[in-house]
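To start, the structure itself, in structure tokens.
Just so you know, all these numbers are worked out from the coordinates, no wet-lab data involved. These numbers come from a predicted model, not from an experiment. Reconstructed Cβ throughout: ideal geometry from the backbone, glycine too, with neighbour counts over all protein chains shown.
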Amino acid sequence: MTLTMELSIEIGVVMLIAVMQSYDMMPEISRTRGTPTMPDTTITTTDQSLNALLRTEADFPGYSLDLCSGYVSTDGVLLLKRMLKKSPRVRAVVGLNPTNRVSAFQMLRDDCGVEVYVSITRPYMLFHPNIYLGTLHASAWAMIGSSNLMNRGPSMNVEQNLFLTGERHSEPFRSIETRIAAFVQQAYLFDAGVEKRLKEIEQQRQSITSEADALHPCLLHGSQHS
């Protein structure tokens, strides 16, 4: 193993620990020569998150998927549509915020067959974990980092993520899966009732925005003559 590879692994481990601490899912891990070790787990860093996700379709066929993303858009869903449709089971926990649109939730559910959950946080808080997890029997892969499920997230922005593979029932996958289960438990299933209510809220917000846009020139004109 070259020094560059060793440094890359060291950096990857440090990044993983920082990310997991921020999500409050730090596992019990052993230490070797002062470095945390997770047996049978590979860790790599990637700034090509879309390519990394799309490769899982070929490298890990038949895996069930769990997605957690603060932001989601229809163009972001389209990037992963084939991958999502080919998976035997997909769950997604997405955040409720002014940026997200009901149409993106609908596309996930209706076009891709995803079981969608909407996370509603306390005021001034934002649901923002970006986790992509694949599991099959005793194996797992995960990507954790900065990429939201939006077009710019996986494909255009400057992003950084960790990509991991290993045994599903070992760390850190056990803690990741437990954390996702907690997100699902705390969120609301995007069913017909939730969909209707969110569409009403979205329409009210658009109406208020339209009224403000119409009022803005009048206010501007008035201020110029005051």
Pull up all non-local amide H partners of S139: gap of 5 or more, or a different chain, and H-to-H distance under 5 Å with H placed in the peptide plane. R168
Karplus couplings for the stretch 190-207 from phi (6.51 cos²θ - 1.76 cosθ + 1.60, θ = phi - 60°), rounded to Hz, Gly and Pro as x? 7, 9, 4, x, 5, 4, 4, 5, 5, 5, 4, 5, 5, 5, 5, 5, 5, 5
Descending packing, highest mean Cβ count within 10 Å first, for 44-53, 182-191, 135-144 is 135-144, 44-53, 182-191
Could you check the spin-label model distance between N97 and A138? Points 7 Å from the Cα along Cα→Cβ, value in nm. 3.9 nm
Roughly what would the spin-label model give for D111 and T44, points 7 Å off Cα along C-beta, in nm? 3.0 nm
